[in-house]
Amino acid sequence: TLILAIETSCDETSAAIVADGHIILSNIVASQIKSHMRFGGVVPEIASRHHVEQITQCIEEAMSQAKVTYQDLAAVAVTEGPGLVGALLVGVNAAKAIAFAHQLPLIPVNHMAGHIYANRFEAPLEFPLMALVVSGGHTELVYMEKDGVFEIVGETRDDAAGEAYDKVGRVLGLTYPGGKQIDQMAHIGQDTFHFPRAMIKENNYDFSFSGLKSAFINTVHNAEQKQIALNKEDLAASFQASVIEVLVTKTIRACQEYQVKTLVLAGGVAANAGLRATLKEQMACQLADIKLMIPPLALCGDNAAMIGAAAYISYQKEEWAGYDLNAIPSLEIDEK
Ligand code: ATP
Ligand code: MG
Ligand code: FE
C-alpha cells in the first residue's frame with residue numbers, strides 16, 4: 001500500500017512516499033529556514049508563498065525518487081492542522097487536486113500524530129503507550145491505548161519547549177531557530193545557575209517554561225547592566241538542565257501511573273542530545289521494563305514521511321475526507 005503524503009504546516013515543504021505505513025521510499029524536505037532567519041522567526045506570509053513555489057516540485061521529486069506513478073498510489077494524505085492556516089492550505093489544496101484528478105482517497109492527518117508516528121519507522125508501536133511530544137508549538141504528554149486514539153494527559157500552560165529554546169537562543173544572540181545550538185553549547189557548559197524547575201513537584205502532568213525563560217532573561221540583563229560577562233555555555237547548560245529535568249521527571253511519573261508498555265519521544269525537540277541521553281539513562285534505571293522509542297534524528301523535525309505513517313492507520317479504517325476538507329490551524333490531537 002503506497003501513500004503519497006504532504007506536509008506544509010509551518011516552514012518546511014515536504015512530500016513523501018510511504019509503503020505500508022513504515023517503509024520510506026522517498027521523503028523530500030525543502031526547508032525555508034534561511035528565508036525566515038533574518039526575521040528571527042517564521043513569517044506566515046513568506047511561508048505560504050514558499051510553499052506555493054515548492055510544493056509541485058517536492059511532490060514530483062518524491063514520486064520520481066520512489067519510482068512510482070499515480071496509478072501505483074493507494075491514497076493521498078495531508079496535514080490538516082495544527083499549523084499556519086495559509087501554509088496548511090497549500091498542502092490541503094495540492095492533496096485535493098491530486099485526489100480528484102486520480103480518483104484517490106484523501107486522508108487528513110494531525111501534524112502532532114505525525115510526530116508520534118515518526119517512531120513507526122523504527123519498530124511497530126506497542127500499546128498502551130505514553131508519548132512525550134516536544135516541538136516548536138507543543139509540549140504535551142499523550143496517552144494512546146491503541147492506534148489512532150489520543151488522550152492528552154498533560155501539556156504546557158504557556159510556552160512550548162522548542163519555543164523557549166528559540167527565545168533563549170535569541171537572547172544569546174544565536175540565529176533562529178536556536179534550539180540545536182543551545183543543545184551543542186549545553187554540552188560544553190555546566191549547570192551553574194540552577195534555574196527553577198517549574199511545576200516539577202505538582203501532582204499533574206502539566207508543564208510551564210515561561211518562568212524559566214524570564215529567569216534566564218533577567219540573569220542575562222542584570223549581568224549586562226553590571227557589565228559582568230557570563231559564560232554562555234554555562235547559561236545554555238543551566239537552561240537545558242532545567243528543561244530536561246522537568247520533562248523527564250514528569251514523563252516517568254506519567255508512565256508509572258498509566259502503566260504503559262512503551263514511552264515514545266516525538267517532535268522537533270526530540271532531536272535534543274541531552275534529552276535523548278537523559279531519558280535513556282533514567283528509563284533504564286527507573287523503568288527498565290518499559291520500552292523507550294526515540295525517532296531517528298532525520299525524522300524529528302517536520303517531514304511528510306511521518307504524515308504517511310500516521311495516515312496508514314486511517315487508511316486501514318477507510319477514514320477518508322471529502323473535497324470540502326479544510327485546514328484547521330488549532331486542531332488538537334484528541335479532537336474527533
Ligand atoms: P509543532 O510541531 O508544534 O507544530 P513545529 O513543527 O514548528 O511545531 P518542529 O519542527 O516539530 O516544530 O520542531 C522545531 C523546534 O525544535 C524548534 O523550536 C527548534 O529549535 C527545536 N529543536 C530542534 N533541534 C533541537 C535540539 N537539538 N534541541 C532543542 N531544540 C531543538
Ligand atoms: Mg519547522
Ligand atoms: Fe512539527
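Readers should treat all values here as calculations from the given coordinates under stated rules, not as data from a laboratory. Every value quoted in this text rests on a predicted model; they were computed, and no experiment measured them. In this analysis, Cβ positions are derived from the backbone assuming ideal geometry, glycine residues included, and neighbour counts consider all displayed protein chains.
Just a few scattered comments:
- Of all DSSP beta bridges confined to the chain, the antiparallel ones make up roughly 60%.
- Folded to 0 to 90 degrees: helix 210-225 orientation relative to the chain principal axis, Cα: 50 degrees
- Once both labels are positioned 7 Å from their Cα atoms along Cα-to-Cβ, the gap between GLN286 and ASP324 label points is 4.8 nm.
- Rounded to whole numbers, the Karplus 3J(HN,Hα) couplings from phi for region 230-235 are 9, 6, 5, 5, 5, 4 Hz, using 6.51 cos²θ - 1.76 cosθ + 1.60 with θ = phi - 60°, and x at Gly and Pro.
- The ranking of TYR312, TYR258 from fewest to most other beta carbons within 10 Å of each one's beta carbon is TYR258, TYR312.
- Available extension along the chain between GLN316 and LYS232 is 25.2 nm, counting 0.36 nm per residue and deducting the alpha carbon span.
- In a simple Cβ point-charge model (Lys, Arg +1; Asp, Glu -1; nothing else charged), the chain has a dipole of about 680 debye relative to its Cα centre.
- Extension reserve of the SER210-ARG49 stretch, reckoned as 0.36 nm per residue once the Cα distance is removed: 54.8 nm
- Listed from fewest to most Cβ neighbours within 10 Å, the set PHE127, PHE193 follows the order PHE127, PHE193.
- Among the listed pairs LYS213/LYS250; LYS34/LYS232; LYS167/LYS226, those beyond 21 Å (Cα-Cα): LYS34/LYS232; LYS167/LYS226
- Other-chain or far-sequence residues with amide H under 5 Å of VAL264's (modelled H): MET130, ALA131, LEU132, MET293
- Cα-based reach from LYS96 at 26 Å (exclusive), listing lysines while leaving out same-chain residues under 8 positions away: LYS67, LYS317, LYS336
- Chain lengthening between ALA123 and SER35 when straightened (0.36 nm per residue, less Cα-Cα): 28.1 nm
- P(r) weight above 17 Å for region 249-336, C-alpha pairs, percent: 63 percent
- Cα gyration tensor shape for region 70-178, rounded if a/c is under 1.5, else prolate or oblate: oblate
- Packing, as the average of other Cβ atoms within 10 Å across residues, places the peptides 99-111, 54-66 in the order 99-111, 54-66, highest first.
- Volume in Å³ per residue [convex hull over Cα atoms, computed for the chain]: 122 Å³
- Dmax and Rg, reported as Rg then Dmax, of region 167-214 (C-alpha, Å): 12.8, 37
- Listed from fewest to most Cβ neighbours within 10 Å, the set GLU80, GLU233 follows the order GLU233, GLU80.
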